[in-house]
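Enquirer: One structure coming up, written as C-alpha cells, with questions to follow.
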Amino acid sequence: MVVVDQHVLWTFFASLFGFLLLYTLRCNNNSNKTKTKKNNFPQESAKETFADGECRSVNGSGTDVIIVGAGVVGSALAYTLGKDGRRVHVIERDLTEPDRIVGELLQPGGYLKLIELGLEDCLEGIDAQRVLGYALFKDGKNARLSYPLEKFSSDVAGRSFHNGRFIQRMREKAATLPNLQLEQGTVTSLVEENGAVRGVQYKSKDGQQHKAYAPLTIVCDGCFSNLRRSLCNPQVDVPSCFVGLVLENCQLPLANHGHVILADPSPILFYPISSTEIRCLVDVPGQKLPSVADGEMANYLKTVVAPQIPSELHDAFISAADKGNIRTMPNRSMPADPHPTPGALLMGDAFNMRHPLTGGGMTVALSDIVVLRDLLKPLRNLNDAGSLSKYLESFYTLRKPVASTINTLAGALYKVFSASPDQARKEMRQACFDYLSLGGIFSTGPVALLSGLNPRPLSLVLHFFAVAIYGVGRLLLPFPSPERMWVGARLIWSASGIIFPIIKAEGVRQMFLPATVPAYYRARAPPVK
C-alpha cells in the first residue's frame, strides 16, 4: 500500500482549485468585454460602404436584422428587436407621414399587445380616441355590442386614430435606440447566395445603389410588396373597395363606438379618428368603381349611400361628398402560404391580409411581433441560416390562434353582412343581426373574437353555426312549411359554403390541431449556435 503525504495531497487540491478559479475569472472577463463591445456598438460600424456600394460586416460585427418597411409592423418590430439588443437596419421607401384610409382602428386585443411591446405611449399626443365597442344598424333598428373588458384595467379599450400619426410616433421611438439605423431607400431585390437570403439591394434617397447584409431579413413592406413572390405563394383576392370620407362637425349616434351599417349592397363603417373627425368607409363590391374625377362617385354616395345612413350623420356625409376629398382603396385578402426561406421572413400585409371590415389587421400584426420576439430572444446569434429557418417555421404555427380567428371572422362576416338576392343569404344576414341583438354571451362571445380578446378558432366556428341554427329556428317556428324547411336547409349549406373555404385556406390542422404540426415543437428547442 502506497502512503501519500497529506501535505502533497492538500497541495494538489489547492493547485487544482486555484487553476479553476483563475480559469473562471478569465472567462468572465472575456465575456464582459464581449458584452461591452455589444452594448457600445456604434451605429456607424454596422456597415461599411465599398466602392461597389455594398454594405458589409466589419470585423464580423455587422447588422443582425434588416427590416424592409417602416409602417406599423416594421416600426414596431424594429423597436422590439432593437430593445432586445439586436442591431437593426430599417429601410423604408418614404419616411414622411403616411396618409391612408385604413389601419386606423386598433382592437383591444391589439392594444394589449402594444402594451406588451412597450409601445402604448405612441398613442399619446395624436388625439387617439377610445373605442368601447360597436353599434350595429339594420333596417332602422340598432344593437349595441360592447367589448367584454370587465377583467381588464380601465385603460384597456380599442383605439382609433390617424394612421400616419401613429406610424410617425413609432418611427420616432424606434429611432431613439442607438443600435437601430432608420434609412430612407427603396429595396429592389433580395440578395441570395446558395439558396439563402443574405441581405437586400436598395436605392438610397440620393439615388445610389447599395447592398446591405444581415443574417436575417424581415420583409414587411405592405400589401403592395414586390418582394413576397419568392417567399410565399401570394393568392390575392380583391372582393371589394373602400371609398373613404372624413366627416366633420357631427357626432356619432353612440359615442366611442364603431358603427356598422348593414346597407345595400354592402356594409358602411363609421368611427372617430380624432376628437373632431369621423372616418366613413363605404364598401363597394367588385373592383370597378364610379369615377371620382367625373363626379359619378359623389353622385353615387349621395343617391345610393346617404339614404341608408343614420340621420345624425346624414348632413355631414353629404357635405363631405360635396367637398370632393374622396379616397379609394382596394380591399385585399391573402391567406398566409409561406415558402420557408433561410435568412428571410415575411410579416404584415406582405404576408397575410384579411378584409378590413373588422379592423383586425394591426391586432394580427402586433401579435405576430410578440410571437417572433419570444422565438428570437433565446438565440445568441442568427448566423446559422439553415437552423434558424427550421426553427422559425414554428412561427407560422404559433401565430395561428390569433391570426386564423381574426382572418376567418373577417372573411365570414363580410359575406354575411353583404346583401344578396338569395333568400337563404338574406335569412342568414337577418339571423346574424338578431343573434347579436340578444345580448349576453350571444354578443360578448362574437365581439370577444372580433376584438382579439379570445383568439379561439373553435369558439368562432361554434358561434357561426349557432347563428345559422338560430336562423333555421326562426324559419321553422311557429309552424314549419316545406318552403321554409328548404330555405333552412339552404341556409345551413350557405353558411358552410362561407366558412369552410376560409378555414381550408387558413389550414385546418394548424388552426385546430397545432400540437400535431412538427414545427410547433421546434420553438422548445432553439438552435444554440
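The values are calculated or read from the model by the stated rules, or taken from the named source; none is laboratory data. All of these numbers come straight from a predicted model, not from anything done at the bench. Cβ coordinates were reconstructed from backbone atoms using ideal geometry, including for glycine residues, and neighbour counts include every protein chain displayed. Protein only, heavy atoms only, side chains kept; ligands, DNA and RNA dropped before computing areas. Shrake-Rupley method; radii C 1.70, N 1.55, O 1.52, S 1.80 Å.
Enquirer: Taking the Cα centroid of region 418-440 and of region 241-306, what is the distance between the two, rounded to the nearest whole Å?
Expert: Value for the Cα centre distance between the two parts: 22 Å.
Enquirer: What is the antiparallel percent of DSSP beta bridges lying wholly in the chain, to the nearest 5? The partial results should precede the final answer.
Expert: Details: 52 of 74 bridges.
Beta bridges within the chain, antiparallel portion: roughly 70 percent.
Enquirer: Something else now. Using R₀ = 45 Å, calculate the FRET efficiency as 1/(1 + (r/R₀)^6) where r is the Cβ-Cβ separation of Glu97 and Ile492; round to 0.05.
Expert: Values: r = 49 Å, r/R0 = 1.08.
FRET efficiency, Glu97 to Ile492: 0.40.
Enquirer: If I stretch the segment between Ala255 and Ala196 completely, what's the gain in nm (0.36 nm per residue apart, minus their alpha carbon distance), one decimal? Write out the running numbers ahead of the final one.
Expert: On the way: separation 59, 0.36 × 59 = 21.24 nm, distance 5.17 nm.
Net length gain for the segment: 16.1 nm.
Enquirer: Grab the beta carbon distance between Asp422 and Asp84, set R0 = 56 Å, and tell me the FRET efficiency rounded to 0.05. Please report the intermediate quantities before stating the final value.
Expert: Numbers: r = 52 Å, r/R0 = 0.93.
Plugging the Cβ-Cβ distance into 1/(1 + (r/R0)^6) gives 0.60.
Enquirer: Find how much the distance from Arg474 to Glu116 grows on full extension, using 0.36 nm per residue of separation minus their present alpha carbon separation; answer in nm with one decimal. Please report the intermediate quantities before stating the final value.
Expert: On the way: separation 358, 0.36 × 358 = 128.88 nm, distance 4.39 nm.
Length gained between Arg474 and Glu116: 124.5 nm.
Enquirer: Ok, one more. Label points 7 Å out from Cα along the Cβ direction at Thr516 and Gln430: separation in nm?
Expert: Output for this residue pair reads 4.0 nm.
Enquirer: In nm, what is the difference between 0.36 nm times the number of residues separating Lys203 and Arg229 and their Cα-Cα distance? Provide the component values of the computation, followed by the final result.
Expert: Working: separation 26, 0.36 × 26 = 9.36 nm, distance 2.00 nm.
My answer for the length gained is 7.4 nm.
Enquirer: Separate question: For Val472, what charge total do you get from the other residues with a beta carbon under 11 Å from its beta carbon, if Lys and Arg give +1 and Asp and Glu give -1? Don't skip to the answer; put the middle values down first.
Expert: Values: positive: Arg474, Arg484, Arg490; negative: Glu427.
Neighbour charge sum, excluding Val472 itself: +2.
Enquirer: Could you work out what % of the accessible surface of region 134-242 is carbon and sulfur, using a 1.4 angstrom probe and leaving DNA, RNA and ligands out of the count?
Expert: On the way: 2250 of 5040 Å².
Result for region 134-242: 45 percent of the exposed heavy-atom area is carbon or sulfur.
Enquirer: What percentages make up the Cα-Cα pair-distance distribution of region 163-239 when the bins are 5 Å wide from 0?
Expert: For region 163-239, the binned pair fractions read 3, 11, 18, 20, 21, 16, 8, 3, 0 percent.
Enquirer: May I ask for the equivalent-ellipsoid semi-axes of the chain, computed as the square root of five times each C-alpha gyration tensor eigenvalue and listed largest first in whole Å?
Expert: With the √(5λ) rule applied to the chain, the semi-axes are 50, 29, 21 Å.
Enquirer: Using only Cα atoms, tell me the angle between helix 482-506 and the longest principal axis of the chain; keep it within 0 to 90° and round to the nearest 10.
Expert: 20 degrees
Enquirer: With axes computed from alpha carbons, what is the tilt in degrees of helix 423-437 against the longest principal axis of the chain, rounded to the nearest 10 within 0 to 90?
Expert: Helix 423-437 and the main axis of the chain meet at about 70 degrees.
Enquirer: Using only the alpha-carbon atoms, how far is helix 457-476 inclined from the longest principal axis of the chain? Give it as 0 to 90 degrees, nearest 10.
Expert: Tilt relative to the chain: about 10 degrees.
Enquirer: Taking a spot 7 Å from the Cα of Leu438 along the direction of its beta carbon, which residues of region 447-466 have an amide N less than 19 Å from it?
Expert: Flagged as within label range: 447-450, 458-466.
Enquirer: Taking only DSSP H segments of four or more residues, each worth -39500 (n - 2.57), what value at 222 nm results for the chain once the sum is divided by all its residues, to the nearest 500 deg cm²/dmol? Kindly include the intermediate steps, with their values, before the conclusion.
Expert: Numbers: 14 runs with 209 residues, N = 529.
Rounded to the nearest 500, it is -13000 deg cm²/dmol.
Enquirer: Quick check: net charge around Ala306, other residues with Cβ under 12 Å of its Cβ, Lys/Arg +1 and Asp/Glu -1? Kindly include the intermediate steps, with their values, before the conclusion.
Expert: On the way: positive: Lys302; negative: Asp315, Asp322.
Local net charge: -1.
Enquirer: Something else about it: Over region 256-398, what percent of the accessible surface lies on carbon and sulfur atoms, probe 1.4 Å? Present the calculation step by step, with values, prior to reporting the outcome.
Expert: Values: 2420 of 5070 Å².
Of all accessible area on region 256-398, carbon and sulfur atoms account for 48 percent.
Enquirer: How charged is the neighbourhood of Leu346? Take every other residue with its Cβ under 12 Å from the Cβ of Leu346, and add Lys/Arg as +1 and Asp/Glu as -1.
Expert: Details: positive: Arg228, Arg229, Arg399; negative: Asp221, Asp337, Asp349, Asp368.
Taking every other residue near Leu346 into account, the sum is -1.
Enquirer: What distance in nm separates the two pseudo spin-label positions at Glu150 and Arg327, each 7 Å out from Cα along the beta-carbon direction?
Expert: 3.8 nm
Enquirer: Show the residues, 5+ positions off or on another chain, whose built amide H is closer than 5 Å to the amide H of Ile67.
Expert: His89, Val90, Ile91, Ile218
Enquirer: Please get the size of the charge dipole for region 59-135, origin at its Cα centre, with Cβ charges of +1 on Lys and Arg and -1 on Asp and Glu, quoted in debye to the nearest 20. Working shown, then result.
Expert: Numbers: 7 positive and 12 negative charges, 59 e Å.
Computed charge dipole of region 59-135: roughly 280 debye.
Enquirer: Let me ask you something else. Quick one: which of 357-364, 106-113, 318-325 comes out on top by average Cβ neighbours within 10 Å, and what's the full order, highest first? It would help to have the intermediate numbers written out before the result.
Expert: Numbers: 357-364: 27.6, 106-113: 25.6, 318-325: 15.1.
In descending order of packing, they fall as 357-364, 106-113, 318-325.
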